[in-house]
Amino acid sequence: MRICYVAEARFTHTEKWVTYFADKGHDIHLISPEPFEGDNIANVKLYPLRRVRPRIRIMSVLTDILCHIIQTRKLVREIKPDILHAHYISDNGFLAALCGFHPLVLTGWGSDVLVEAHQSRIYRYFVKFALKRADLITSDGENMIDEMIKLGADPDKINYLLHGVDTQEFNPQAKSLKEERKMFDSPLVISVRTLMPIYDLETLIQSVPLVLAQIPKVKFVIAGDGSQKYYLGDLARSLGVLESISFIGRIPHKELPYYLAAGDVYVSTSLSDTTSVSLLEAMASGLAPVVTDVGDVRKWIRSGENGFIVPIKRPDLLAEKIIYLLENRELRGKMGKANRQLIEEKADYEQEMGKMGKLYEELIRRSRR
């Protein structure tokens with residue numbers, strides 16, 4: 001198959017998706033609206049879109065959109081793919097839909113449908129426009145599927161499909177940084193969500209003094225970067241807990257298994273989600289999670305059995321569950337084993353991408369009839 005993706009090359013989800021099909025011998029092309037500063041992706045032809053920057057901001061945005069539309073339409077005509085597949089519907093999906101190419105596949109990532117489509121009339125129009133022109137839509141969240149249908153998507157075109165977890169890389173036996181680099185010699189709580197308001201790291205930091213009052217040696221690792229980087233650092237300093245928190249910035253995805261293997265408790269304080277890939281990766285690594293009650297979290301976590309679910313913006317309850325897990329090593333171990341088994345059975349990367357391959361093949365067969 002010749003597959004052309006419209007997606008940001010800089011994101012791990014994109015790289016994992018295109019790499020799978022490239023490794024299977026398919027002819028893969030990637031149109032990236034955002035600049036890509038990393039290494040090229042093996043066996044993938046990459047087309048970064050150019051930007052035009054007039055001095056007036058509103059003109060810059062409009063010029064970028066028009067420029068990207070022209071470039072993408074031209075590239076798709078030249079590539080002549082069997083499938084055009086856009087990731088993140090509110091911008092890349094709209095861009096791909098304007099090409100008028102079929103079969104068109106769209107994949108929602110969460111905020112594109114659940115947040116942006118409600119914050120902006122323009123993005124809402126973009127999402128609705130793209131959904132109505134798609135031949136196939138995939139989503140990793142049942143809550144997102146419901147929202148897509150409300151926005152006009154044909155339910156018969158939607159498939160529940162996960163990004164998946166590489167269970168070979170993410171596993172409890174991954175060499176721990178505790179052992180390899182002697183970085184952590186205390187109980188470790190880890191978060192790997194982006195430092196953006198939607199992930200509410202503020203609540204996690206507010207819980208830290210409460211946890212330290214019971215377990216003074218605990219360390220918190222916050223991996224990620226984002227617009228709240230300095231604000232969160234200042235908050236930790238004002239609460240007197242900065243020395244107990246390591247803000248390690250964005251780490252390469254290939255190193256993430258080692259950090260998760262070093263952890264004792266995984267935390268996500270997100271305000272909105274579908275199926276969180278970082279949660280599934282933590283579960284595959286054998287961690288016990290404490291997560292907020294958003295998105296499809298109840299599809300994966302049974303509170304008290306394989307982790308804990310807490311309300312959003314409740315640092316007191318968050319701290320209570322973190323403390324409980326840190327003080328109950330045997331329970332953490334049981335939860336970790338149950339989580340590992342669950343991911344192996346229901347969220348394996350190879351398994352999910354294999355499902356996508358079959359969907360591609362069926363879509364191509366239908367389009368050629």
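Assorted remarks:
- The chain: angle of helix 12-23 to the longest principal axis, Cα-based, in degrees nearest 10: 60
- Convex hull volume per residue for the chain, taking Cα atoms only, in Å³: 141
- Taken one residue at a time, the phi angles of region 103-120 give Karplus couplings (6.51, -1.76, 1.60, θ = phi - 60°) of x, 10, 10, 10, 10, x, 10, x, 5, 4, 9, 7, 10, 4, 5, 9, 8, 9 Hz. Gly and Pro are set to x.
- Per-residue HN-Hα couplings for region 253-267 [Karplus 6.51, -1.76, 1.60; θ = phi - 60°; Hz; x = Gly/Pro]: 4, 5, 8, 4, x, 5, 5, 5, 5, 7, x, 10, 9, 9, 10
- Taking all Cα pairs closer than 8 Å and separated by 6 or more residues, the relative contact order of the chain comes to 14 percent.
- Dipole check for region 1-150: with +1 at the C-beta of Lys and Arg, -1 at the C-beta of Asp and Glu, and the Cα centre as origin, the magnitude is about 800 Debye.
- Debye, to nearest 20: dipole size of the chain, +1 on Lys, Arg Cβ, -1 on Asp, Glu Cβ: 1020
- Each Cα pair under 8 Å and six or more residues apart adds its sequence gap; the mean of these over the residue count of region 234-309 is a relative contact order of 25 percent.
- Against the empirical 2.2 N^0.38 Å (N residues), region 83-163 has a Cα radius of gyration ratio of 0.93.
- Filter on K74/K254; K254/K358; K229/K346; K150/K313 - keep pairs with C-alpha separation over 30 Å: K74/K254; K229/K346
- With the cut-off at under 15 Å, measuring from each backbone N in region 81-106 to a point 7 Å along the Cα-to-Cβ line of H253 picks out 87-88.
- D166 versus S246: modelled label distance in nm, points set 7 Å from Cα along the beta carbon direction: 2.2
- Cβ-based charge dipole, the chain, positive-most Cα from I245, L235, S367: S367
- Sorted peptide list for 319-330, 235-246, criterion being average Cβ within 10 angstrom, highest first: 319-330, 235-246
- Farthest towards the positive end of the charge dipole of region 177-346, among the residues Y324, G286, S186, is the Cα of G286, using unit charges on the Cβ of Lys, Arg, Asp and Glu.
- HN-Hα J in Hz across region 345-351 - Karplus 6.51, -1.76, 1.60, θ = phi - 60°, x for Gly and Pro: 7, 10, 9, 5, 4, 4, 5
- Out of every Cα-Cα pair that region 177-346 contains, those further apart than 29 angstrom amount to 9 percent.
- Estimated inter-spin distance, K313 and T63, nm [label 7 Å along Cα→Cβ]: 4.0
Here, each number is a calculation from the coordinates, and none is a lab measurement. Note that the structure is predicted; figures quoted are calculated from it, not measured. No Cβ is skipped: glycine too gets one built from the backbone with ideal geometry, and neighbour counts run over all protein chains shown.
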